[in-house]
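Shown next, in C-alpha cells, is the structure this report addresses.
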Amino acid sequence: MSENGGGAGIAVGIDLGTTNSCVAVLADAPIPDKAEKIAAGRLRPVGGALVITDRYRSPLTPSAVWIDRDGTPVVGARAKNKARQTGEPPPAMFFKRDMSGSEPLRAGHATMTATEASAHVLRYLRELAESVLDVPVRRAVVTVPAFFEVGAKNATTQAGADAGLEVAETLIEPEAAAQAYLAGRAGEPADHGVFLVYDLGGGTFDASVVEWNAETFDHLSFDGDRFLGGYDFDQAIVGLLADKVPGYNLNIDVSVPEHRALLGALLTEAEGVKIELSRSPAADLVKSNLLDCDGEPMILTVPFERTEFEELIARRIERTVDSCVSALEKAARRQPGFSAASLDGIVLVGGSSRIPLVSESLSRRLGKEPVLVEPDLCVAAGAALKTAFIDRHSAHLKLGPPVVLDGRGEINGQVLTGHGLADPAHAVVVLRSDDGEYTARVRADERGGFRFADIPLTDAETGVTVAVEVDGRELDSQADTLRMGPDLPRGGAVLANTISVKVRSGMRTVAEEGDPVPHHVEIGLRTVNQGVLLPVPVYEGPIPIGEVVISDLPADTPVGTRVALSVTIGADWMIDVHARVPTAGREGRATLNLRSFDSDSWERLRERLDSVRASWAEKRNLVDPETRITHGPRIEKLVAELEDLVAHRFDAAQATYRMTVVETQLESLPLGPGAHLSPSFSEFEGKLLDLEQLIDQLAGVDARRAAEFRNELPALRAAGSAAHRAERQLDWSTAVEQVEARIHAVWNLLVPPVIGVPGGPSAATLRAQVLAEISRGRDSLRDRMAGVPGAQRTQALEELYKSLVTEGDVAQADVHRVDMNAPDAGRILRRVLDERVMPWLARVETFPPVVDVEPE
Ligand code: AMP
C-alpha cells in the first residue's frame, strides 16, 4: 500500500451523484482522534472505509447549489430546500445529467454550467472532509457512471481542479460498489468473483458485470439508461396526484416561475411518499399552504398505496431488468457460457434500489437474491478504498500511471516542494531505463509538472527509475515499469461507450465499450462513388461527436479507392481522427473534444420530434420487414416517450439526449434492398406515372401509338422492380432511362400537334415551365453552397459551383433565344429542357458531391 498522507494531505473518495454526493476516506488513513470521531458519528465505518458525515450526522449531501443575492454559494440540503420556497429562484439540481454541456443552468441568483455547479459540490465536500479530519485534502478519486461519455469525464476532472482537488482518477461507480461490497464481506476469501452491480439512483441507471481477480477488476460489460431514476418516480407520483385531486388545477407549465416552484414543492413531497412506500404498504401525502396553478390555496391529504405506486413504475423497473439481462448477454460474449447462474452476487446500489419491487423483479427474472448494503454509501466507500492505489507519492516526487501507446512509453509527474527544495524550477528530473540503455532529463515547470514522452520500450516490461536532482544531487527517486500489450495500466481508464464511424451501410465500430484508453486503431475503407467531399462522421455510443472531412478529393478519383482511417483516443480523452487517400495525396484531420451536450429549447425539441416522426413514417416503408420488426417497436416506444417528455416539459436535458438517440437510430437503420440506389424507387414510380399521363393525352391524338406505349408499361415496371431488388445500379439506371426515353418519345409526338389545341401545353406554357425549372435549380444550388461549412469550401468546390452557375446561365440564354413564332418552338424548347436543363438539375441535386465509403 502506498503512502497516503504526506505533503499533499489525505486523499478522499467522492461519489459525485446526480441526487446526492458523499465523501469517504480509507479506514487506515492517518487521521487525528479517529476513534473519537467514529464514536461521535462524524466518521461512519462502511467496509474498509470511513464515510464522513456533516454536523447533523448525515452522510449524504444533496447535489444542489444555490447562489444567494450577494453571490455566496449555498450547497447541499439548504440549497435543495430552496426548491420549495415560493418567491425564490430555484437551485441547480440534477446537473450531472448535463455534465460536459455548456448551457447555463439557474442556481438561485446566478447561472452556471454543470461543471461549475459540480465544482461547488466538490469544494463543499473537500471543506467538510478537512473540517472533520483536521488534515488538508488535496486529492480525490471521484466516481462517474460507467455510461458517462468521455466529455463528461473530462468535465468531472475539471470540476475537481476548480474545487482545489486534484482528481487523481475517475473510477466507474460499479467498480467502486463491488470493491466496497467485497471489502465488507467479512471472513470470506475474495480472490475471485463475478458480480452484477445494479445501480438505480436519482437520475441514472447502470447495470454492470464486474469480475474481481485477486487484485484487479475487469469490467466485463455494462448497459443502462442515462435518464432513469428516482426523480422519474417522483414525477410519476406528481402526475398521479394531479389525477387524484381533480378539484385543484395542477396543470403545471414550468416556464411559469410560480408553477416551477409549485412543482419543486410537490416533487419534494412526492419523494417523501415514495420513500415511505418502500417501508410501508400505504402512505399519505399531507401538505397545506401551497397554491395550485390558479392561485387557489390547497389542502392536501392524499392516500397512496404501494401497489398503486408499483403499477406506476413497473414498466420502468422491468426496463432496468432488461438492461441487466442485456449486460449479462454482453458478458457472455466475452466469456462463453456465462449466465446469471455464474454470478457470485447481485449488488444493489443507489437510493432507488431500496424500492422492494426492485429486489422482487430481479429475483424473479434472474433467479438470484440481490444484496442491499448501504446502497447510498458504498460507492463513496469504494472510491476511498481506491485511493490506496492512486499515484505514488514520495517526499519530492509524484508519478502518474505510466501510459504505453504505439510501442512508446509516457510518464507524467510532479516535483513536490518541501524540505530541501523550495522551488520546483530548480529541479532536474532524470529518467533512466534499468538496463542503462536510455536516459532523459527534463526541467520541471514552475508548478513542478514534468513529462517524459516517447520512452523507447526494449522489452515486454521495461523498468525505469525517475529521480529528482538539485545541483547534481539526487533528492528523491521512484521506480516504475512500462508494460507493452493489452494490459491496462493500473487504475487505467476504459471507454464507457462504443466509438464508431458511419459508412454508407451503417455504423462501423472502431473501439468497443470497455476497451482500455489510450486506444489506437487503423481501418481501411473504400470509396463507393465519386465526388469532392468525403466526410466520415464519428459517434460515441449513439451520439454524433463530429466528423473528419477530406474536402478536396479529385472528382475523378476512381470508385473503390482506398481510404486509410486512423483513430487515436488519447489518455486525455481527446479523439484524433485522421483520414487519408494515399493515391490522391489528400487527407483530413479532426481533433474531437467529445460531444458538448447542450439542452435544446422546447420549440426546437418540438421541431426535432416532428421531423423524427416524419422520417420514421418515411423509413418504415423503406426498411426490410425484418428490420421493421426488430427496430420498429423500439423506435415507436422512444418516440412515444419523447412525446411525453416534450408534452410535460420537465426535463430538457433528457429530452435532448433521447432525441439524439432516436435520430441516430433512424439514420443508421439498415434500409431495405435498393434503398441506396439513385434515383429512389418512388422517383422511378413518379416517372412511370408521368408516362401514363402523357400516354392518356396522346390517346386523344393518336390512339394507335398510345396503345403501343401503354402495352410496354408492365415490362418497364417489371424491369425496374427486378433491377431495384437485385440492387444493381447499372440495370437500375438502364430501367430508369428506358422510362425517360418513352416519356421523351411521347412528348415529341405530342407537343407539335397539341400546340394551339385547348388543354395541351402551348409553347409559351412550356417556356414558362423551363424558365421556372432553371430558377428552382439556381435557388437550390445557392442553398446547397450556403450549407457547406467555410472550412470545406475548397478551390475545387468553388470551381465546380461556378461552372454549375454558368451552366444554368447558358441554359437560360438558350431558352431566351428560341423564336416563339417558329412552328417548331415547342420541340426546340423540349430539347433544351431534356438535353440542358434536366442534366444540369441532376448535377445540382448532387452538389456538393459527397463521397460515401464502405469498409474494405
Ligand atoms: P442516489 O442518487 O443514489 O443518492 O439515490 C437517490 C434517489 O434514491 C432519490 O431519488 C431518492 O428519492 C431515492 N431513494 C432514497 N431512499 C429511498 C427509499 N427508501 N425508497 C425509494 N427511493 C429512495
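The values are calculated or read from the model by the stated rules, or taken from the named source; none is laboratory data. Nothing here was measured: the structure is a model prediction, and the numbers come from that model. All Cβ positions, even for glycine, are placed from backbone atoms using ideal geometry, and neighbour counts span all protein chains on display. The protein model used for the area step is the full one, side chains on, heavy atoms only, and it has no ligands, DNA or RNA in it. Shrake-Rupley method; radii C 1.70, N 1.55, O 1.52, S 1.80 Å.
Candidates are the residues of segment 341-354 that are near the ligand (Cβ under 6 Å from one of its atoms) and surrounded by fewer than 24 Cβ atoms within 10 Å (Cβ to Cβ); the one that is modelled with the lowest pLDDT is Gly351. The set of residues in segment 614-634 being over 11 Å from Leu669 (Cα atoms), among the hydrophobic types (A, V, I, L, M, F, W, C) and open to solvent by 70 Å² or more (accessible area, probe 1.4 Å) consists of Ile629 alone.
Within segment 240-274, how many residues turn out to be within 16 Å of the ligand (Cβ to nearest atom), buried (at least 16 other Cβ atoms within 10 Å of the Cβ) and under 32 Å from the mean Cα position of the chain (by Cα)? Qualifying residue count, segment 240-274: 9. Could you tell me whether segment 105-118 includes any residue that is within 16 Å of the ligand (Cβ to nearest atom) and surrounded by fewer than 22 Cβ atoms within 10 Å (Cβ to Cβ)? No, segment 105-118 contains no residue that is within 16 Å of the ligand (Cβ to nearest atom) and surrounded by fewer than 22 Cβ atoms within 10 Å (Cβ to Cβ). One residue stands out among those in segment 29-58 that are in contact with a Lys or Arg (Cβ under 6 Å, 6 or more places away or on another chain) and surrounded by 21 or more Cβ atoms within 10 Å (Cβ to Cβ): the one that is farthest from Leu125 (Cα to Cα), which is Leu43. For segment 50-61, the condition holds for at least one residue, the condition being that it is within 28 Å of the chain's Cα centre (by Cα) and not in a loop (DSSP other than H, G, I, E, B).
Any residue that is more than 16 Å from the ligand (Cβ to nearest atom) and small (Gly, Ala, Ser) - is there at least one of those in segment 15-33? There is at least one residue in segment 15-33 that is more than 16 Å from the ligand (Cβ to nearest atom) and small (Gly, Ala, Ser). Please count how many residues of segment 425-483 are closer than 10 Å to Gly409 by Cβ and modelled with pLDDT under 80. The number of residues fulfilling the criteria is 4. Among residues of segment 208-234 that are in the same structural domain as Glu173 (by TED's automatic domain parsing), none has a Cβ under 6 angstrom from a residue that is away from the ligand (no atom under 16 Å from the Cβ) at a sequence gap of 6+ or on a separate chain. Pairing residues of segment 294-311 that are free of Cβ contacts under 8 Å to residues at least 24 places away in the same chain with residues that are among the charged types (D, E, K, R), at Cβ distances under 7 Å and at least 6 apart in sequence or on separate chains, gives Thr301/Asp284; Pro303/Asp284.
Within segment 81-107, which residues are part of a helix (DSSP H, G or I) and without any contact (Cβ under 8 Å) to a residue 24 or more places away in the chain? Correct list: Asn81 only.
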